[in-house]
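Note sheet for the following structure.
Each value in this text was obtained by applying a stated rule to the coordinates, not by laboratory testing. Remember, it's a predicted structure, so these values are computed and weren't measured experimentally. Methodologically, a virtual Cβ is constructed for each residue, glycine included, from the backbone with ideal geometry; neighbour enumeration extends over all protein chains shown.
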């Protein structure tokens with residue numbers, strides 16, 4: 001049996017996603033539910049540049065053990081006018097004291113907790129058609145009023 005070549009990661013961009021006030025929904029079937037509005041931001045990198053549009057949200061579930069399930073849908077507009085939808089799903093967790101500091105909006109070293117995502121991007125703009133055929137993963141950090149995610153294409 002031949003073993004395939006392991007995937008390589010290519011840097012695509014860093015998403016700085018500005019967040020509105022958290023809207024607590026209360027306890028759901030699996031955990032505490034909340035909606036975090038996405039109100040803007042920036043996109044900077046070797047393959048994508050532009051801005052995060054003021055549309056979308058992160059529909060989170062926070063479980064009793066502190067695990068936050070992240071389920072976002074929002075859009076970017078590239079520097080040359082293309083609109084690209086982003087669907088990003090992932091997890092954020094870490095030691096209780098670290099996650100409490102993150103929740104307070106303290107500056108926390110992102111290496112002290114886990115925040116990883118997988119993203120699907122989609123556009124109808126032929127100039128960026130490659131995003132429709134590419135898988136992406138992200139490594140992120142939570143700031144007081146934003147999330148920063150480094151996106152990588154899996155090659």
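As a proxy for reagent exposure, 89, 74, 128 were ordered by neighbouring Cβ count within 10 angstrom, fewest first; the result is 89, 128, 74.
Fewest-first ordering of 72, 2 by other beta carbons within 10 Å of each residue's beta carbon gives 2, 72. From the largest down, segment 50-104 spans 43, 18, 14 angstrom on the principal axes of its Cα atoms. Dividing the summed -39500 (n - 2.57) terms of all DSSP H runs of n ≥ 4 by the residue count of the chain sets its mean residue ellipticity at 222 nm at -1500 deg cm²/dmol.
For the chain, the relative contact order works out to 22 percent when only alpha carbon pairs closer than 8 Å and six or more residues apart are counted. By the count of neighbouring beta-carbon atoms within 10 Å, fewest first, 1, 99 end up ordered 1, 99. A viscosity of 1.567 mPa s and a temperature of 4 °C, combined with the Kirkwood radius over C-alpha pairs in the Stokes-Einstein formula, give segment 9-154 a diffusion coefficient of 83 µm²/s.
The relative contact order of segment 96-136 comes to 28 percent, based on Cα pairs under 8 Å that sit 6 or more residues apart.
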